[in-house]
Amino acid sequence: METKTVKGRMLDKPARRECKNMLSMAEIITNVNAILNPGQEPVNWFAPAGDAVAAVHVKDGVYRSDLSNETVLYGGSVSDKECRDIKVVAYKGNEGGIYAEGKGTDVTVERAYISLEGEGCGIGGPASGAAAKYGASLTLKDVVINTTGRTKYATAAEENSVLKVYDSVIWSHGIPYGDEYERPKALMSSPPPPLEMDGNTRTHCTMSNSYSYFYNSKIICDGWAALSTESSEGFVYLEANDCDIVCTKNGYGAYADPGCYDVFRNSNFDMARMAAILAGNSAMEFENCTAECGTYFALMHCVNGWCEEVGDMAITGGRIRTKKEAFLIKSHNAILDMKEVDIAAETGVLVHTILNSDPCKTPVDDQAYGVNVRFTDMSVEGDLLHEDSERRMWIEMNSTVLTGGITNGTLIMDAGSKWIAAKDSTVHLMNEINLAQIDAKEGVTIRATGGEEGTYALASGGKLIVAI
């Protein structure tokens, strides 16, 4: 029997352009103040309090008792290289746990309990639960850190530092928030509204050419964020292996700002909101992770001003469930590369692109790289809904069966793939496809453009109409 084929027509795809967006912290502060705090005294939300002091302060490889607040240190032993069995209980916002700074510092904290309260200031610094700065290396093993207070970070790494966390629990609570509580008014003291969440403290943050690694640990927040990144100033790396990442009431699991690269392996995300946010030229990898998300798996948005920015997300294996769309992409070039992923959204929408209403949105030119969705070795159900009129959605299927609608997509599929349209769809077909690879349920019409006009009756009762 003759095999029917549907001819496609290749389109020129814009090349991915090099992105040179690497703003300094000072430039970020200036730009954000100009948009969100115009005409007012500029606010530096990164800077810790000038009088912040840690229970243990190690500077340039030396434990400095003169810089430490030993009044909040209870028990244990402290030296230049090691802290063992320490307990810290502090009630003032400027008081913290462990602070390691300077290139000569390489300190390990083993079996520690750190409990902090009070309103914090800035990101990291001596008033955090445990923080590394200015080229220091800090390792935490079997440590519990619990913070309560606005902007009271549990852990941080910044200014060319390295933080490693093993077999530990870190938890930030913030202060009470919700409809019945007044939201903090200070700039960046709570999440910007476009992030669709609430809260007032992030549990961890990696910044400014620093590296953070988490192993077999629990990272928990009651609002805003569990694992965050900011202001890479070049490159930031965040990694979590065999971890439980939990947002109890609100917030996201992990963030990747421009220049930031996040990697998660064999970890579990239990999210009040989304597991991930990517902003601008950034990347995340997930390998054999699970995620239960109160909204999306990932929110992607571009607010940095460089139209060539691309957010990269690679997911291999694992199981993902979301209450809303699995991916919501707001005016952002993106790569979603999924392989052998068990993913489903309660709304029935896998990927949804929209125009960003954020006043900080990045303008686009006519060479937008677009939204690239790649499926490999998958059987997946859900719609691909492209409503961003400023760029194309490019869909690639490799050894994949997709059951769902496609709206305004550009499709290429290999001989081992099949698309079953569950609702009326609009696509451009890029390559020649065996007609048996396309199906549509009874009453469903696929309207396509391709290389040759034709109308085709499909196996399940639907119809394919191709125009040039």
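Report, by residue number, each residue of region 157-216 that is charged (D, E, K, R) and more than 12 Å from Leu138 (Cβ to Cβ).
Listed by number, the residues that qualify are Glu159, Asp167, Asp179, Glu180, Glu182, Arg183, Lys185, Glu196, Asp198, Arg202.
How many residues, within region 239-261, are assigned to a loop (DSSP other than H, G, I, E, B) and either open to solvent by less than 10 Å² (accessible area, probe 1.4 Å) or more than 22 Å from Gly178 (Cα to Cα) (or both)?
Qualifying residue count for the region: 6.
Checking Thr400 against (1) under 30 Å from Pro193 (Cα atoms); (2) open to solvent by less than 10 Å² (accessible area, probe 1.4 Å): exactly one of these is not met. Which one?
(1)
Could you tell me which numbered condition Leu163 fails, if it satisfies all but one of (1) open to solvent by less than 50 Å² (accessible area, probe 1.4 Å); (2) within 20 Å of Leu67 (Cα to Cα); (3) under 24 Å from the mean Cα position of the chain (by Cα)?
For Leu163, the failing item is (2).
Restricting attention to region 216-224, does a residue exist that is under 18 Å from Cys121 (Cβ atoms), crowded, with 22+ Cβ neighbours inside 10 Å and touching a strand residue (DSSP E or B) at 6+ places or on another chain (Cβ under 6 Å)?
Yes.
Does Asn31 satisfy being farther than 30 Å from Trp394 by Cβ, open to solvent by less than 50 Å² (accessible area, probe 1.4 Å) and either out of contact with any strand residue (DSSP E or B) (no Cβ under 8 Å at 6 or more places or on another chain) or in contact (Cβ under 8 Å) with a residue 40 or more places away in the chain (or both)?
Criteria not met by Asn31.
Can you pull out the strands (runs of 3 or more DSSP E) entirely within region 42-134 that have at least 1 residues that are open to solvent by less than 50 Å² (accessible area, probe 1.4 Å) and either closer than 17 Å to Lys164 by Cα or touching a Pro at 6+ places or on another chain (Cβ under 9 Å) (or both)?
53-59, 82-84, 95-101, 106-117, 130-133
Here is a list: Glu308, Glu325. Which entry is touching a His at 6+ places or on another chain (Cβ under 7 Å), more than 19 Å from Trp224 (Cα to Cα) and part of a loop (DSSP other than H, G, I, E, B)?
Glu325 is the lone residue from the list that is touching a His at 6+ places or on another chain (Cβ under 7 Å), more than 19 Å from Trp224 (Cα to Cα) and part of a loop (DSSP other than H, G, I, E, B).
Take region 374-392 and flag every residue that is under 23 Å from Leu195 (Cβ atoms) and either crowded, with 20+ Cβ neighbours inside 10 Å or of a type in the set (Phe, Trp, Tyr) (or both).
Leu385, His386, Asp388, Arg391
Give just the number: which of (1) touching a strand residue (DSSP E or B) at 6+ places or on another chain (Cβ under 9 Å); (2) open to solvent by 90 Å² or more (accessible area, probe 1.4 Å); (3) of a type outside the set (Ser, Thr, Tyr) does Lys20 not satisfy?
That leaves (1) as the condition not met.
Being free of Cβ contacts under 8 Å to residues at least 60 places away in the same chain and open to solvent by less than 20 Å² (accessible area, probe 1.4 Å) is the filter here; which residues of region 353-373 pass it?
Hits for region 353-373 are Thr353, Val371, Asn372, Val373.
Regarding region 200-208, can at least one residue be identified that is under 21 Å from Ser128 (Cα atoms), among the β-branched types (Val, Ile, Thr) and surrounded by fewer than 24 Cβ atoms within 10 Å (Cβ to Cβ)?
Within region 200-208, not a single residue is under 21 Å from Ser128 (Cα atoms), among the β-branched types (Val, Ile, Thr) and surrounded by fewer than 24 Cβ atoms within 10 Å (Cβ to Cβ).
Kindly establish whether Thr148 is surrounded by fewer than 20 Cβ atoms within 10 Å (Cβ to Cβ) and either without any contact (Cβ under 8 Å) to a residue 40 or more places away in the chain or closer than 16 Å to Ile123 by Cα (or both).
yes
Residue check: is Arg150 in contact with a Ser or Thr (Cβ under 7 Å, 6 or more places away or on another chain), under 19 Å from Tyr91 (Cα atoms) and part of a loop (DSSP other than H, G, I, E, B)?
Here the answer is yes, as Arg150 does meet what is asked.
When region 262-315 is examined, which residues are found to be of a type in the set (Gly, Ala, Ser), open to solvent by 10 Å² or more (accessible area, probe 1.4 Å) and at pLDDT 95 or above?
Scanning region 262-315 gives Ala272, Ala283, Gly294, Ala314.
List, please: which pairs have Cβ atoms under 6 Å, are six or more places apart or on different chains, and start with a residue in region 194-210 that is touching a residue at least 24 places away in the same chain (Cβ under 8 Å) and farther than 17 Å from Ser282 by Cβ and end with one that is of a type in the set (S, T, N, Q) and open to solvent by 10 Å² or more (accessible area, probe 1.4 Å)?
Between residues of region 194-210 that are touching a residue at least 24 places away in the same chain (Cβ under 8 Å) and farther than 17 Å from Ser282 by Cβ and residues that are of a type in the set (S, T, N, Q) and open to solvent by 10 Å² or more (accessible area, probe 1.4 Å), the close pairs are Met197/Asn250; Asp198/Asn250; Gly199/Asn250; Asn200/Ser190; Thr201/Thr151.
Looking only at region 345-356, which residues are more than 12 Å from Ile329 (Cα to Cα), assigned to a loop (DSSP other than H, G, I, E, B) and either in contact with a helix residue (DSSP H, G or I) (Cβ under 9 Å, 6 or more places away or on another chain) or among the aliphatic types (A, V, I, L, M) (or both)?
Matches in region 345-356: none.
Do you know which of the residues in region 403-425 that are over 24 Å from Arg321 (Cα atoms) and surrounded by fewer than 19 Cβ atoms within 10 Å (Cβ to Cβ) is nearest to the chain's Cα centre (by Cα)?
Applying the filter and picking the extreme gives Asn408.
The values are calculated or read from the model by the stated rules, or taken from the named source; none is laboratory data. Because the structure is predicted, anything quoted here is derived from the model rather than measured. Cβ atoms come from the backbone with ideal geometry, glycine included; neighbour counts cover every protein chain shown. Accessible surface is based on the protein model in full, side chains and every heavy atom, while ligands, DNA and RNA are left aside. Shrake-Rupley method; radii C 1.70, N 1.55, O 1.52, S 1.80 Å.
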